[in-house]
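Worksheet: the structure to be examined is printed underneath.
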């Protein structure tokens with residue numbers, strides 16, 4: 001897959017272009033239905049499957065105080081879209097100037113003028129143009145006027161409710177990894193750089209990798225989790241603590257600590273990816289070190305048992321063990 005930063009760098013070809021429009025935060029099952037439809041249509045017509053995404057998310061520019069945390073970084077989103085068959089991903093900077101474009105200006109400038117697309121695929125609740133007044137139905141009218149087809153993809157429901165990025169975030173806020181997985185179709189992901197902190201884990205016999213995650217990325221609720229840790233292209237079993245270290249501090253920023261099972265190497269500065277599989281328990285405050293060590297040992301055993309049940313390769317795109 002080719003990733004293009006800014007639509008001005010997109011070079012038109014003779015191949016028909018089929019474009020998915022949206023932010024696709026989380027690339028959840030609803031998004032997957034749209035992308036699968038797009039890719040299938042593009043391949044059957046010897047065309048190019050493309051996705052056009054504004055980056056940063058428009059709400060982060062227009063109303064940052066109300067901007068929710070995102071489910072994926074731009075890089076992970078790109079990886080997921082590539083696994084689904086997207087040929088070209090265009091990330092275009094969203095600005096206040098772009099926000100003032102009318103729906104028709106957006107269609108004229110971006111879809112027709114820059115992309116010269118054959119067909120466009122959008123979700124049932126897609127909006128575009130100044131103040132988001134453009135609707136899928138209006139886009140269809142513009143399609144008739146400017147000569148491109150519009151495909152509106154209906155919602156995907158899980159437990160009789162539409163799948164949405166907001167709903168996934170709610171599940172993660174409650175630490176409900178199973179339901180988040182059901183909505184995403186893969187295990188929730190966190191990725192970051194391993195940094196040094198207090199070295200308490202090493203001191204008590206459970207060394208941890210402390211993860212520095214990009215600001216504005218959604219984290220699961222405080223608690224202890226079983227997760228796969230991907231490091232240097234290899235997968236490891238891990239027990240992960242998300243919390244404020246209440247045994248040692250009255251107040252402390254939320255940290256993400258991964259104890260990688262049967263692993264003890266210096267990995268500071270490396271990039272680590274966590275695939276959350278199950279929640280083991282809530283965050284707890286312990287009376288002392290001995291009680292804490294006993295519980296961590298039990299957590300490691302529980303995580304090991306959960307993860308050892310996965311008997312094959314772990315696929316990021318569908319969460320299948």
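The values are calculated or read from the model by the stated rules, or taken from the named source; none is laboratory data. Given the structure is predicted, the values throughout are model-derived calculations rather than measurements. Here Cβ is always computed from backbone atoms with ideal geometry, including for glycine, and neighbour counts include all displayed protein chains.
The single condition among (1) touching a residue at least 12 places away in the same chain (Cβ under 8 Å); (2) touching a helix residue (DSSP H, G or I) at 6+ places or on another chain (Cβ under 9 Å); (3) surrounded by fewer than 19 Cβ atoms within 10 Å (Cβ to Cβ) that residue 148 does not satisfy is (3). Would you pick out the residues in region 160-180 that are part of a loop (DSSP other than H, G, I, E, B) and modelled with pLDDT of 95 or more? Across region 160-180, the qualifying residues are 163, 164, 174, 175, 176. Please work out if residue 183 is farther than 25 Å from residue 293 by Cα, assigned to a helix (DSSP H, G or I) and outside the structural domain of residue 240 (by TED's automatic domain parsing). It is false that residue 183 is farther than 25 Å from residue 293 by Cα, assigned to a helix (DSSP H, G or I) and outside the structural domain of residue 240 (by TED's automatic domain parsing). Tell me which residues, restricted to region 211-227, are assigned to a strand (DSSP E or B) and surrounded by fewer than 20 Cβ atoms within 10 Å (Cβ to Cβ). 212, 213, 217, 223 - these are the residues of region 211-227 that are assigned to a strand (DSSP E or B) and surrounded by fewer than 20 Cβ atoms within 10 Å (Cβ to Cβ). Can you find a residue in region 23-39 that is outside any loop (DSSP other than H, G, I, E, B), farther than 23 Å from residue 187 by Cα and either touching a helix residue (DSSP H, G or I) at 6+ places or on another chain (Cβ under 9 Å) or free of Cβ contacts under 8 Å to residues at least 12 places away in the same chain (or both)? Checked against the condition, which is being outside any loop (DSSP other than H, G, I, E, B), farther than 23 Å from residue 187 by Cα and either touching a helix residue (DSSP H, G or I) at 6+ places or on another chain (Cβ under 9 Å) or free of Cβ contacts under 8 Å to residues at least 12 places away in the same chain (or both), region 23-39 yields no hits at all.
Residue check: residue 175 meets all listed conditions (1) within 26 Å of the chain's Cα centre (by Cα); (2) surrounded by 14 or more Cβ atoms within 10 Å (Cβ to Cβ); (3) under 19 Å from residue 33 (Cα atoms); (4) touching a residue at least 12 places away in the same chain (Cβ under 8 Å) but one, namely (3). Looking at region 115-139, which of its residues are farther than 19 Å from residue 92 by Cβ, out of contact with any helix residue (DSSP H, G or I) (no Cβ under 7 Å at 6 or more places or on another chain) and buried (at least 17 other Cβ atoms within 10 Å of the Cβ)? The answer is 118, 135, 136.
Could you tell me whether residue 46 is in contact with a strand residue (DSSP E or B) (Cβ under 7 Å, 6 or more places away or on another chain), touching a residue at least 24 places away in the same chain (Cβ under 8 Å) and in a loop (DSSP other than H, G, I, E, B)?
Details: in contact with a strand residue (DSSP E or B) (Cβ under 7 Å, 6 or more places away or on another chain): no; touching a residue at least 24 places away in the same chain (Cβ under 8 Å): yes; in a loop (DSSP other than H, G, I, E, B): yes.
Answer is no for this residue.
Of everything in region 49-71, what is out of contact with any strand residue (DSSP E or B) (no Cβ under 7 Å at 6 or more places or on another chain), within 20 Å of residue 192 (Cα to Cα) and buried (at least 16 other Cβ atoms within 10 Å of the Cβ)? Give them in sequence order. Working first, answer last.
If we filter region 49-71 for residues that are out of contact with any strand residue (DSSP E or B) (no Cβ under 7 Å at 6 or more places or on another chain), which is where we start, we get 56, 58-68, 71.
With the extra rule that they be within 20 Å of residue 192 (Cα to Cα), the set shrinks to 56, 68, 71.
Within region 49-71, 56, 71 qualify.
In the list 319, 269, which residue meets the criterion of being at positive phi, at pLDDT 90 or above and part of a loop (DSSP other than H, G, I, E, B)? Steps first, please.
Numbers: 319 fails: at pLDDT 90 or above.
Answer to the check: 269.
Residue check: residue 15 meets all listed conditions (1) touching a strand residue (DSSP E or B) at 6+ places or on another chain (Cβ under 7 Å); (2) under 28 Å from residue 214 (Cβ atoms); (3) in a loop (DSSP other than H, G, I, E, B) but one, namely (2). Listed by first and then second residue, the pairs with beta-carbon distance under 6 Å, at least 6 apart or on different chains, first residue in region 212-228 and in contact (Cβ under 8 Å) with a residue 12 or more places away in the chain, second in a loop (DSSP other than H, G, I, E, B) and crowded, with 17+ Cβ neighbours inside 10 Å, are 214/73; 218/71; 220/175; 221/175; 222/283; 223/175; 223/283; 228/314.
Inclusion of residue 138 among residues that are in contact (Cβ under 8 Å) with a residue 60 or more places away in the chain and not in a strand (DSSP E or B) is not warranted.
Screening residue 155 with (1) assigned to a helix (DSSP H, G or I); (2) surrounded by fewer than 17 Cβ atoms within 10 Å (Cβ to Cβ) gives one miss only, at (1).
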